[in-house]
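For reference, the structure is listed below as structure tokens.
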């Protein structure tokens, strides 16, 4: 996917934008991956990034790292205790984390241009809403749609379709911003153009279902600014 693909995707001046959350607005996915990698290391195993990408953007419905570890070791584990430790580690590692580069500028541009926004995430509402509150940006989004609201997780299109209905814009005039393969698959299934911005966890994944690819939210902001 080239710069031309990026420009072509944005050329229609989207009437609304749907954001993923983890790994797109905040670099949470590296800390989550590291927490699982440490669990594997304590058991003498490694957790390859390409394998972990199976559950990114989707939760553990389609591939569960805990179940996979039990198959590797032949053991059963006290997952509530392990998950409690992982959550403590994740909170510690993300204590000083903020918005990824270009996110605030893009949000400001959308506000100035009256472009409505939504978040569609396979994570829980408690997680996503908590972060948006902490970052002081929850008011920027017309709707927030999460796994715990009862929607099927990505790669099913349900979260994006719910956001689309909330925004009230045609699918072909709406834009999805994603970072994971499961997210790009969900956007394609929903019929919504999707730009993928890979991060250090997803950069080597197959992201070909996206309409276009770019390195940061800065480039999307700059292209939208050129068109406004």
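Annotations for the structure displayed:
- Look at the stretch 26-48: where a residue is at positive phi and part of a helix (DSSP H, G or I), no partner that is at pLDDT below 95 and surrounded by 13 or more Cβ atoms within 10 Å (Cβ to Cβ) sits 6+ places away or on another chain with Cβ atoms under 8 Å.
- Qualifying positions in the stretch 202-228 - surrounded by fewer than 19 Cβ atoms within 10 Å (Cβ to Cβ), in contact (Cβ under 8 Å) with a residue 60 or more places away in the chain and under 15 Å from the mean Cα position of the chain (by Cα): 216
- Test: residue 18 is assigned by TED's automatic domain parsing to the domain that holds residue 167 and either in contact (Cβ under 8 Å) with a residue 40 or more places away in the chain or outside any helix (DSSP H, G or I) (or both): yes
- Criterion (surrounded by fewer than 15 Cβ atoms within 10 Å (Cβ to Cβ) and either touching a residue at least 60 places away in the same chain (Cβ under 8 Å) or assigned to a loop (DSSP other than H, G, I, E, B) (or both)) met by exactly one of 105, 95, 133: 95
- Residue match in the stretch 108-125 (condition: out of contact with any helix residue (DSSP H, G or I) (no Cβ under 9 Å at 6 or more places or on another chain), modelled with pLDDT of 95 or more and assigned by TED's automatic domain parsing to the domain that holds residue 167): yes
- Annotation for the stretch 75-85: no member residue is touching a residue at least 24 places away in the same chain (Cβ under 8 Å), part of a helix (DSSP H, G or I) and farther than 27 Å from residue 132 by Cα.
- All positions within the stretch 148-171 that are out of contact with any helix residue (DSSP H, G or I) (no Cβ under 8 Å at 6 or more places or on another chain), in a helix (DSSP H, G or I) and in contact (Cβ under 8 Å) with a residue 60 or more places away in the chain: 163, 167
- Checking every residue in the stretch 71-81 against the condition of being touching a helix residue (DSSP H, G or I) at 6+ places or on another chain (Cβ under 7 Å), farther than 27 Å from residue 151 by Cα and at pLDDT 95 or above gives at least one match.
The values are calculated or read from the model by the stated rules, or taken from the named source; none is laboratory data. All values derive from a computational prediction rather than experimental measurement. When we count neighbours, we look across all protein chains shown, and the Cβ atoms used for this are built from the backbone with ideal geometry, even at glycine.
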